[in-house]
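The values are calculated or read from the model by the stated rules, or taken from the named source; none is laboratory data. Quick caveat, the model's predicted, so the values are computed rather than measured. Every residue, glycine among them, receives a Cβ derived from its backbone with ideal geometry; neighbour counts consider all protein chains shown.
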């Protein structure tokens, strides 16, 4: 029965660790000075919708950065305000807004190492449960605590890429 229980704990731990290594991270932009759209239409400062016929594309841009967090469920959900970066890009190009904004998140080599370490920790945690069921429980408690701490507190990271096109509105807006 101990063998079946150990196999179940080990298998469950390894299955869970794959979903457990990712960083939780929020991108926010509450202080934008210019309109930004994820589509090809964007509103101007007077809230008139501008389509691709109403503006000139000035420049494409791409921002990349790494966001750090602690693995779920203890993640503090850090926030990264990208308002200043987007405002600076539009101002630098003498533009009026951004269209086609895309945000992608990817993995990196840090998460590969994190996943390996968390996998080892999951196996070690499962082994510590077996030790706890035996006679020498003090070693099992130390091992279980250290493994659990590694699973919960090991930092993780995500690679963020933000891209879009800076546009300049034309003077005349076609009306209905």
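Within region 33-65, being at pLDDT 90 or above and more than 20 Å from residue 91 (Cα to Cα) holds for one residue alone: 39. When region 86-126 is filtered for residues that are closer than 30 Å to residue 54 by Cβ, surrounded by 15 or more Cβ atoms within 10 Å (Cβ to Cβ) and over 18 Å from the mean Cα position of the chain (by Cα), the ones remaining, listed by number, are 86, 87, 89, 90, 93, 95, 96, 97, 98, 99, 100. Considering each residue of region 66-76 in turn, at least one proves to be surrounded by fewer than 15 Cβ atoms within 10 Å (Cβ to Cβ), within 14 Å of the chain's Cα centre (by Cα) and either closer than 17 Å to residue 29 by Cα or at pLDDT 70 or above (or both). Tell me whether region 36-44 contains one or more residues that are touching a helix residue (DSSP H, G or I) at 6+ places or on another chain (Cβ under 6 Å) and outside any helix (DSSP H, G or I). For region 36-44, residues touching a helix residue (DSSP H, G or I) at 6+ places or on another chain (Cβ under 6 Å) and outside any helix (DSSP H, G or I): absent.
Has region 151-164 got any residue that is in a loop (DSSP other than H, G, I, E, B) and either at pLDDT below 70 or surrounded by 15 or more Cβ atoms within 10 Å (Cβ to Cβ) (or both)? Yes. Pairs are defined by a Cβ separation below 7 Å, a sequence spacing of at least 6 or placement on different chains, a first member in region 72-86 that is on the phi > 0 side of the Ramachandran plot and part of a helix (DSSP H, G or I), and a second member that is surrounded by 13 or more Cβ atoms within 10 Å (Cβ to Cβ) and modelled with pLDDT of 90 or more; no pair meets this definition.
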